[in-house]
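As structure tokens, the structure follows; a few thoughts come after it.
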Amino acid sequence: MTPFHRQSGSLHCNDLSLSSLAEQFGTPLYVYNRTAIETAWQEFSDALQDRKHLICYAVKANSNLAVLDTLARLGSGFDIVSLGELKRVLAAGGKPEKIVFSGVGKTTQEMESALEVGIRCFNVESDSELSRLADVAAAHGTVAPVSLRINPDVDAKTHPYISTGLKENKFGISMADAMDCYRRGAESNHLALRGIDCHIGSQLMHLEPYADAVKLLVEMVDRLSAEGIHLSHIDVGGGQGIQYSAHDSTLDITSWAQCVKDAVGQRPLEIMVEPGRYIVGQAGVLLTRVEYLKSNEGRHFAVVDAAMNDLIRPALYDAWQAIETVETLDREPRLYDVVGPVCESADFLGKQRTLAIAEHDLLCVRSAGAYAFVMSSNYNTRPRAAEVMVDGDSAHLARAREQATDLFADEFLLP
Ligand code: LLP
């Protein structure tokens, strides 16, 4: 069963109708399906079961505690990029020894906190960061576990904003500099070189960029080994794409895993992976109600109660996400731009969509489990939406809707 399906013409999550959830919790509303999250995670687990491996869910994709809790209970690891994400993972029951810390700008305080709790590895992105980490570890009389993030300069063939493995991107250490960086790391008493990693981009639909990147990484592992620097893991990053529209191809996780395993060969390396979108993307939807229908010179607009502050992907990347009615009702179909109330022309959820709707109808934006709520803001002093996790036949409030007064509670009038 798909995470969201129609029963008698009405969209449901498990046996709960999305209309009843909207009535109960209000709109805009994010709804997640626990089983779908578990099933997607399990695909990675099954595909890598014949190798030592660790799945480190990329927390940035959806960091709600109920999502992290779901994954922690499966035994998942986590890929974090900030102290805030570290705190969330620990609060949700994640194990420090299964946490990897990515990101180009880790602060001293972030390094200290991560060392104190004993994370699995720092994915270091520059020579300067490596020196800083060695200093912080020395000051704490400890040894920091390290992987170097390599920028393999391969084209991930995805949107330029979410491509990260090209030399013009800010991420990682170039192939040319990495060997020297490892050598310097090996000289430090406060660094333990454990692995090598990369993350070449997000929403990847092809296997070739993975194959190319992993091949370059394992060649480096071999060269390091010949110099007496022995690594124990290879972290291939995340990026596995999902099908936003029927025109998109699909990425099969079994084939993806086979491609990684083939490139790693029989080297005794633990395989680590950092999927975000694939685990949660299809497991979530955004529910929004039509406030007004209007027409300007033949162009039709559906003004809904969700906006770019709730879901910024369409405005930011021109991303396309399916929009459909929750109930199948007898209305005249028309082409609509689905827009929000924010005062920006970029405030749209979808353009030129055929919808059969009337005012007050409920719409469902699909594939909204990843990079959706987490990228929301309070622009226009709009309280952020509530989030609900459907677990079997019950709906659990995973995040309460913000109140407008909360938004300025930490601001101060002049004396
Ligand atoms: N590992 C690292 C180091 C990353 O930077 C990312 C995502 C991931 C793993 C997870 O990638 P995923 O499996 O989710 O593709 N906001 C954009 C996506 C940004 C991705 C940033 N990095 C979007 O809405 O499409």
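Given the residues Val154, Val136, Val146, which is the only one that is of a type in the set (Val, Ile, Thr), within 25 Å of Arg267 (Cα to Cα) and at pLDDT 95 or above?
Result: Val146 is the single residue among Val154, Val136, Val146 that is of a type in the set (Val, Ile, Thr), within 25 Å of Arg267 (Cα to Cα) and at pLDDT 95 or above.
Just one of the numbered conditions (1) over 26 Å from Gln403 (Cβ atoms); (2) buried (at least 20 other Cβ atoms within 10 Å of the Cβ); (3) touching a residue at least 40 places away in the same chain (Cβ under 8 Å); (4) assigned by TED's automatic domain parsing to the domain that holds Leu251 is not true of Phe78; which one?
For Phe78, the failing item is (3).
Taking the residues in the stretch 28-53 that are hydroxyl-bearing (Ser, Thr, Tyr) and crowded, with 21+ Cβ neighbours inside 10 Å as candidates, determine which candidate is farthest from Gly237 (Cα to Cα).
So, considering only residues that are hydroxyl-bearing (Ser, Thr, Tyr) and crowded, with 21+ Cβ neighbours inside 10 Å, the one farthest from Gly237 (Cα to Cα) is Tyr30.
Does the stretch 101-153 hold any residues that are β-branched (Val, Ile, Thr) and touching a strand residue (DSSP E or B) at 6+ places or on another chain (Cβ under 9 Å), and which are they?
Passing the criteria: Val104, Val117, Ile119, Val124, Val136, Val143, Val146, Ile150.
Counting only residues that are surrounded by fewer than 20 Cβ atoms within 10 Å (Cβ to Cβ) and not in a loop (DSSP other than H, G, I, E, B), which one in the stretch 365-385 is nearest to the ligand (Cβ to nearest atom)?
Step by step, filter the stretch 365-385, then rank; the result is Met375.
Residues are listed down the side, and each one gets a yes or a no for (1) more than 13 Å from the ligand (Cβ to nearest atom); (2) under 19 Å from Ile37 (Cβ atoms); (3) touching a Lys or Arg at 6+ places or on another chain (Cβ under 8 Å):
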| site | (1), (2), (3) |
| --- | --- |
| Gln243 | yes, yes, no |
| Asp262 | yes, no, no |
| Ile271 | yes, no, yes |
| Val304 | yes, no, yes |
| Leu329 | yes, no, no |
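Tell me, which residue of the stretch 329-357 that is in contact (Cβ under 8 Å) with a residue 24 or more places away in the chain and of a type in the set (Gly, Ala, Ser) is farthest from Tyr317 (Cα to Cα)?
Ala356
Does Ala302 satisfy the condition of being of a type in the set (Gly, Ala, Ser), under 21 Å from Val67 (Cα atoms) and surrounded by 22 or more Cβ atoms within 10 Å (Cβ to Cβ)?
No.
The values are calculated or read from the model by the stated rules, or taken from the named source; none is laboratory data. Keep in mind the model is a prediction, meaning the values are calculated, not measured. Neighbour counts run over all protein chains shown; Cβ positions are idealised from the backbone, glycine included.
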